[in-house]
Every structure is written in C-alpha cells, then in structure tokens.
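Notes follow once the structure below has been shown.
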Amino acid sequence: MSAPLRWTPVALALALAPLGVGRVYSAYYLNLVTWILIFALFAAALDLALGYGGLVSFGHAGFFGIGAYAAALALRHVAPSLAVSLGLGILAAAALAALVGWFAVRSRGVYLAMLTFAFAQLFYEIAVKWVAVTGGSDGLPGAARPRLHAGALVLDLADKRHMYWVALALVAAGFLLARRVVGSPFGRALIAIRESEARAAAIGIDVDRHRRLALIVSGALSGMAGGLFAIHQNFVSPELLYFALSGEVVIIALLGGLGTLHGALVGAVIAVGIKEVLSTWTDNWLVFLGALYVLCVMCFPQGLVRLAAPGGARRAG
Amino acid sequence: MSPEAILTQVLMGLTVGVNLVLVATGLTLVFGMMGVINFAHAALFMLGAYLGLATTARLGSFWLGLAAAPLAIGALGAAVERGLLRPLRTRFPDSHLLPLLLTFGLGLFFEGMAKVIWGADVVSLDKPAALAGAVTLGRITFPTYWLFALVAAAALAALVWLVVERTALGLTIRAATQDPTMAAVLGVDVARLNTVVFGLGSALAAAAGVILGAMTSLSPQMGSGVVLDAFIAVVIGGLGSFTGAIVGALLLGQVQSFGVALFPAFHTPLVFLVMAVVLVLRPTGLFGGARRT
C-alpha cells in the first residue's frame, strides 16, 4: 500500500473524531486527542532540528513556551484573532530561535544541549519573576477566544470541537511543511551535515547557516504548537517553559524514532496517552513516568517506528 | 554598601560557592570521563537531604545523618552507573542524547519516589542545637550554621581536591578525563573508575544536600535550582574540568550573593548573562579544552 493510502483511515478517523463527543465518549477524550496532535507537531518540530539537523537541543520548551505566552498575550492585548495571536507566537519563537542560533551555532553536542537548556531556563525565570506581564507562577488566564468566519461557516474556538478541527488542520499543515522542508534541497543538505559535517563543508554547504536556519524553522513550528496549546487551554503558565517539557518532547521524538517525522505522532500518542492515563489512575504517576522513560531508553533506543520496520535502522541521537 | 555589608555578602557567596563546588564536582567529573550530562544529579542531591532527615529523625543525630546520606547515595550512584549507564554506553558509545534521557528519566523516578515516601510538602531538617544562633566575626555577625556550612563544605572540597590532584587514584581520574582510550591502553581500568567517580560525585552531592537542606528546607524539587546553578558553574568553568568547576562555582556563589543583594528581582537572568558572555568569548568555558564536545 502506498503511504497516502495507509494514512487515509487515520486522517478520516481524526477528522470525524468530534462527532462522537457526547455519543461515544466524553469531551475529555477529544481534548486528549487535541493535546496529542499539538505535542506531535512539537515533537516533529524538534525532530527537524535533532533528527535531521543533528542539533542536540535540550531547550525546546523555550520555543514552545514563548509561542504560548506570545499567543496568549496577543489575545489579551492586541486582538481576539487566531491569525494574529498564532502569528505572533510563531514570530516570537522564530526570533528566539534566531537569537539562540546566533549564540549556539558554533557549539556542538552537549555544549549545544546546555546552551539551549540555559536559554529556555532563562525565559522560565522571566515568566516566573515578571509578574506584571506574565502573572508569575500562577500563570495567565486567557481572554475571550476568537471566532473564525469563513463565508457562512463560523468556528467558535471556545467550542472544543471547533478548536479541535482548527488544531487538526494546522497540525496537518505543520507536518506537511516539515515534510516539504525535509524533502527540499535544504533538508537534503541538512542530512548531509548530520552524517558528516566535514564532508558537507567540503562540497560547499554553508554548515553554520544551515544549522541556524534549521533551528529557526524548528523553533517557529514549536512556537506554533505552543500557540495552539495556549489557545486550546485558554491558559499559560511557566511550566510550558520548564526543562521538564524539553525532556518530555525529546522522549516523544525518541520514542517514535528520530529522523522520521511521523514517528512524532506515534510517540505523542504513547507518551501523552500514558501520562494522562497514569495521572488519572494514581497520584504517584511521576514514579511510573520516570521508570517508563528509563525503560524506553534501555529497550527501544531506536524508536518504535523502526521497531515495526527494522529496515530503516539508523543510529540514535 | 558599607564594608561590613560587602564582607557579609562575600561570606554568604562563599558559603553558597563551596557547596556548589561539591555539587559541581560530580557533574564535571562524570562529564569529563563519560561525556554524560547527569540530569539525575539534582535528584541524588535531594535524596541525600531526605536520607539525612530520615537518619536524623531515626537516630537523633544530625551528624550520623550527614555521614550516612553520602555513603548510601554514593552506593546508589555507583549502582546506577554499573547497572544502567554502562550497558547503554557500551551499546551506543557515540550518543549524547540517550544517557541524558536515561538520567532525566531516573531523576523523575527518584523525585516521584521521594513524593511517595516523604510527601510532596516542604519539610525542614533541624540543625544541631550547637549550631543555632549567630557568631560575631570582627565587626560582622554571621549565622553559626552558615559558618559551619562554609567550613564543612570547604574542608570536603579541599579533601576532594587533594584526592584528585595528589593521589594515584586522582592521577588515573585526570588521565581518564583527558583521554579515556589512552588511559585504558596504559592499563587503567576505566570502566571501574567510571563507577567509582559516579559514586563519588553522587556522595558529594548528597553531602551538599544535607548541609544545604538544613540551611533552607526540603522538598522533592529542592535539587533543581541548586543543580542548575552547579550546571552553569560547570559550563562557565569548562565542562570536564575540575579546576574550572571550582572557579566557576566560587564565581557563581559571588554573582548569586551580590545579585540578590543588588538586583533582587533579576539576579537569575544575571547568572545566565554571565554564562552567555563567557560562552560567547570562550565557547568551551574558562578552563575547557576544545577536546571533547
């Protein structure tokens, strides 16, 4: 079966999911699917930097969180518009990625991980301390959520089902964009850099410029995921910038398999799903989550997608 | 600021700084030898504090707690290295990310366990009665326990420095940090040394956990702030460098102390600013070589 055909049932099920709310399952499960979609986009964005560009980032929560804060602040202070708030979220995250890239592009491996980590923690601290703007550790409750008018069709984002459709469409667009980037000459050059920097440089690829651009695209998509999350939750808090989230998204990408993009979706289903199930079952979910991470790293370091199709095995991290 | 106030801030910064040295030592040595950023370090620091609390409560002696916690956490650290990290690194010698994720997961696991055993609330570890109150040093008064924390951590750090710089074990550690392959060729059992160093680093973190825990308070997340500072100290000093960790930690102690006094709202960004400036000028830190990335 060709790839588009295999994905058709998944796409169809995702598109029709809101119709079952109240009939087959409660609204909670639709929210869960929305979260999974958003985190899948976030993990795919990380995969672009980490799995394709070989940029070991341990601070992607910074891009996600700043996208979320920018979107929430735009809704409150600028305009109740999806395009404006999401656009500002993407812009803010891309700007941060450009700044981080400017500092970090010469760093490699663990140094890069530490620098990205430090930047994300810096914004976490600012979110906690700058109470007047960010609401401090209490977070920032949202404003009125925007309505979308497309001809006769009106989407009210306060309605979780309408929000879901918007999120689904945007996440799908994000995935398609990421796929286009990976398939483009730029993406091919990025893979060449990951495989051997010296050889890539020798055939005339500007290594630093490609790495910087990869981080900006990855940051922008992470910011979009963060903005969607903020609009969906109608609430942002410093947790969205905390390094635990940076670790979580790496786990999601790793679980699915680095350098695959669609692995991010598989990883998000498992990681977000398990976390939600665990936290409803037991107060001690952190113990199980930690143990699960350790288990994932020790048992499936190549990712679950490649476990199913062992032909495409590539080295991890 | 008056001279007395400046001196007080210097002493407070020094107290924080020498304790950061204890935390940073494990981070930098483990990185230097194994190329691993240990994200479970914060949890080991926290578990040390709680073990100190449990021992103190059970046996009624703070000093026994201060002795028992490093021993137990040192053994735990050695077990983690031998049981999980070594097999993973043998299978994926080139991966930076997998060990980082392993220790990240372990950190969450330990934090969760602490919540299960001791609860999520903030608790306090009582300092010994002999160390209550304040002492007068010339024209300044300083809390007795802070002075103890300064002297005890400094003595421990000096001991570690002697071991690393002046003993045969320290010589093999330094050799393995510079070039693990060459050290192994010359007959150093690098695998065993990794276990020893991981255990030693964990024990030092646990000691700092007890000392600082009694100074402030205990909670399952208590490690993240301190270890973040230690990370920054290590990055400033140069990952893998022991001297760098000491210099970085002492510098950071002063930045923290004066930052809190002079810019109370924005002392944390100040710390990151110092790190960013150092890394832009010297991408591998003050004492880091370009050797390992």
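The values are calculated or read from the model by the stated rules, or taken from the named source; none is laboratory data. In this text, all values refer to a predicted model and were calculated from it rather than measured experimentally. With ideal geometry, Cβ positions are generated from the backbone for all residues, glycine too; neighbour counts draw on all protein chains shown.
For region B:239-293, the set of residues classified as among the small types (Gly, Ala, Ser) and either within 9 Å of another protein chain (Cβ to nearest Cβ) or assigned to a helix (DSSP H, G or I) (or both) consists of B:GLY244, B:ALA245, B:GLY248, B:ALA249, B:GLY253, B:SER257, B:GLY259, B:ALA261, B:ALA265, B:ALA276, B:GLY285, B:GLY288, listed by residue number.
When restricted to residues that are out of contact with any helix residue (DSSP H, G or I) (no Cβ under 6 Å at 6 or more places or on another chain) and buried (at least 24 other Cβ atoms within 10 Å of the Cβ), region A:66-109 contains 1. Within region B:82-100, the set of residues being buried (at least 19 other Cβ atoms within 10 Å of the Cβ), out of contact with any Gly (no Cβ under 6 Å at 6 or more places or on another chain) and in contact (Cβ under 8 Å) with a residue 40 or more places away in the chain comprises B:LEU85, B:ARG89, B:PRO99, B:LEU100.
Of the helices (runs of 4 or more DSSP H) contained entirely in region A:219-317, those carrying at least 2 residues that are under 30 Å from A:PRO141 (Cβ atoms), within 12 Å of chain B (Cβ to nearest Cβ) and at pLDDT below 85 fall at A:243-256, A:263-281, A:285-299.
Condition test on B:PRO264, is it touching a Lys or Arg at 6+ places or on another chain (Cβ under 8 Å) and either surrounded by fewer than 20 Cβ atoms within 10 Å (Cβ to Cβ) or of a type in the set (A, V, I, L, M) (or both)? No. Checking B:ALA57, B:ALA79 one by one, the residue that is at pLDDT 95 or above, out of contact with any Ser or Thr (no Cβ under 8 Å at 6 or more places or on another chain), surrounded by fewer than 24 Cβ atoms within 10 Å (Cβ to Cβ) and of a type outside the set (S, T, N, Q) is B:ALA79 and no other.
Looking only at region B:154-176, decide whether some residue is more than 20 Å from B:PHE242 (Cβ to Cβ) and of a type in the set (A, V, I, L, M, F, W, C). No, there is no match, as no residue in region B:154-176 is more than 20 Å from B:PHE242 (Cβ to Cβ) and of a type in the set (A, V, I, L, M, F, W, C). Can you work out which of the residues in region B:74-129 that are more than 21 Å from the chain's Cα centre (by Cα), farther than 20 Å from B:GLN221 by Cα and among the small types (Gly, Ala, Ser) is nearest to the other protein chains (Cβ to nearest Cβ)? Once the filter is applied, the top-ranked residue is B:SER95. Within this structure, A:GLY53 fails the test of being of a type outside the set (Val, Ile, Thr) and under 12 Å from the mean Cα position of the chain (by Cα). Listed conditions (1) within 21 Å of the chain's Cα centre (by Cα); (2) among the β-branched types (Val, Ile, Thr); (3) closer than 30 Å to B:GLY237 by Cα are all met by A:VAL182, apart from (3). Of the helices (runs of 4 or more DSSP H) lying entirely inside region A:55-155, those containing at least 3 residues that are among the aromatic types (Phe, Trp, Tyr) and either within 12 Å of chain B (Cβ to nearest Cβ) or out of contact with any Phe, Trp or Tyr (no Cβ under 7 Å at 6 or more places or on another chain) (or both) span A:109-129. Is it fair to say B:ASP94 is of a type in the set (Asp, Glu), at pLDDT below 90 and more than 30 Å from A:LEU254 (Cβ to Cβ)? Criteria not met by B:ASP94.
The residue list B:LEU286, B:LEU281 contains one member that is under 21 Å from the mean Cα position of the chain (by Cα) and of a type outside the set (Phe, Trp, Tyr), which is B:LEU286. Condition check: more than 14 Å from every other protein chain (Cβ to nearest Cβ), touching a Ser or Thr at 6+ places or on another chain (Cβ under 7 Å) and not small (Gly, Ala, Ser). Does B:VAL151 satisfy that? The answer is no for B:VAL151. Could you list all residues from region A:263-280 that are touching a residue at least 60 places away in the same chain (Cβ under 8 Å) and over 16 Å from A:ILE38 (Cβ atoms)? Matches in region A:263-280: A:GLY263 only.
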